[in-house]
Amino acid sequence: MSFRFTDTHCHFDFPPFVDDVEHSLTLAAQAGVTQIIIPAIDASRFADVLTLAANHAPLYAALGLHPIVIEKHTDESLAQLAALLARKPEKLVAVGEIGLDLYRDDPQFDRQQALLDEQLILAKRYDLPVILHSRRTHDKLAMHLKRHNLPRTGVVHGFSGSLQQAERFIQLGYKIGVGGTITYPRASKTRDVMARLPLNSLLLETDAPDMPLNGYQGQPNRPEQAARVFESLCELRSESPAEIANTLADNTKKLFATL
C-alpha cells in the first residue's frame, strides 16, 4: 500500500533542491511526498520562498526569523515580515521558522526572546500557526507559548526533548515534529517519546538538507526521506501503517488549514 506524505519542514530554498527544483520534486513525489512546507529563516529569503511556493504546486511557504541567525534580524526584517503577512499570500501557511536556541556561544538570548514574542503576536494577529525551533530551550519556549495563547498553535519541529516536555507542548495545543533522529538506534530517548505520544499530536518532517537519516550521514538530507521517517515511526508505534499515515495527514491538514 502506498501513502501520501507532507514534509512539514524542508528548507527547499537551499541547495541542492533550489538548483534542481523539478528533479527534486519528482524524487519526492516518487516516494509519496506530495506536499512540502518551506520555512524561511531570514528576511533575505522571504521572496525566494514565496516564489517557489507560487510556481510549484507541491510547495508551500512559511515566513519567519530564525534564532540561529539572530544577528541578521533588524527592525526592518520584522517590518518586512509584518507587511508580507498582512498581504496574506495564497500559499503562505505559517509563521516560521521561529523560536529559541541556546546552542551558540553568544546566543543573544534576550533579543531572541523579544523577537519570538513579536512574531507570536504577528501569528496571532494574522491567524496563522507557527513552526517552532527549540534547542536547549523547551521549558522557556513553553512559557512564551502559554503567555501568548495562540488560537492556531503550531508545531515544535525536530523535537528531541523529554516525554514530559513534549506532553507540556501538547497540553498547550501544539504538535510535535517527527524527523530523522528516530532512524538512529542510539536515539533511544527520542524514539521512546515518539512511540508513547498520542498519534494525533505528531507531524512528519525532514529538516532537509539538515538532519540526515541513519545510513545517510555526510549527505544532504532530502524531502523524499520523509517516507523513511514514516517507516521508522511505524516500527515504533502499535497502530497500523494505514492508521499512522491517515492520522499524520489529518494532523497536518488541521494545523495548516490552507494545505
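The set of residues in the range 64-90 that are of a type in the set (D, E, K, R) and within 23 Å of V156 (Cβ to Cβ) contains only K72. Here is a check on your reading of the model: is V156 surrounded by 23 or more Cβ atoms within 10 Å (Cβ to Cβ) and over 12 Å from L233 (Cβ atoms)? Judged against the criteria, V156 is a match. Within the range 234-245, the only residue that satisfies the criterion of being under 23 Å from I131 (Cβ atoms) and either among the β-branched types (V, I, T) or without any contact (Cβ under 8 Å) to a residue 12 or more places away in the chain (or both) is I244.
Number of residues in the range 172-208 that are of a type in the set (D, E) and crowded, with 20+ Cβ neighbours inside 10 Å equals 2.
Within the range 156-178, if we keep just the residues that are farther than 19 Å from D101 by Cβ, not aliphatic (A, V, I, L, M) and not in a strand (DSSP E or B), the residue that is farthest from the chain's Cα centre (by Cα) turns out to be Q164. Taking every residue in the range 38-50 that is in a helix (DSSP H, G or I) and pairing it with any residue that is among the basic types (K, R), at least 6 positions away or on another chain, the pairs with Cβ-Cβ distances below 8 Å are A43/K72; S44/K72; L50/K91. Criterion first (of a type in the set (G, A, S) and either under 23 Å from I176 (Cβ atoms) or assigned to a loop (DSSP other than H, G, I, E, B) (or both)) does A79 satisfy it? For A79, the condition - of a type in the set (G, A, S) and either under 23 Å from I176 (Cβ atoms) or assigned to a loop (DSSP other than H, G, I, E, B) (or both) - is not met.
Whenever a residue of the range 181-196 is under 17 Å from D210 (Cα atoms), its partners that are aliphatic (A, V, I, L, M) and at pLDDT 95 or above, lying with C-beta atoms within less than 6 angstrom and at least six residues away or across chains, give the pairs T181/A187; I182/M194; T183/L213. For the range 179-231, the tally of residues that are in a loop (DSSP other than H, G, I, E, B) and either more than 21 Å from D19 (Cβ to Cβ) or in contact with a Leu (Cβ under 6 Å, 6 or more places away or on another chain) (or both) stands at 12. Criterion first (buried (at least 19 other Cβ atoms within 10 Å of the Cβ), hydrophobic (A, V, I, L, M, F, W, C) and closer than 24 Å to G173 by Cβ) does L213 satisfy it? When the stated conditions are applied, L213 does not pass them. Return yes or no: is L120 touching a His at 6+ places or on another chain (Cβ under 7 Å) and either part of a helix (DSSP H, G or I) or charged (D, E, K, R) (or both)? Yes, satisfied.
Could you look through the range 51-71, keep only residues that are touching a residue at least 40 places away in the same chain (Cβ under 8 Å) and assigned to a loop (DSSP other than H, G, I, E, B), and pick out the one that is surrounded by the most Cβ atoms within 10 Å (Cβ to Cβ)? Result: G64.
The values are calculated or read from the model by the stated rules, or taken from the named source; none is laboratory data. Everything numeric in this text was worked out from a predicted model, so none of it was measured. All Cβ positions, glycine included, derive from the backbone under ideal geometry; neighbour counts span all protein chains shown.
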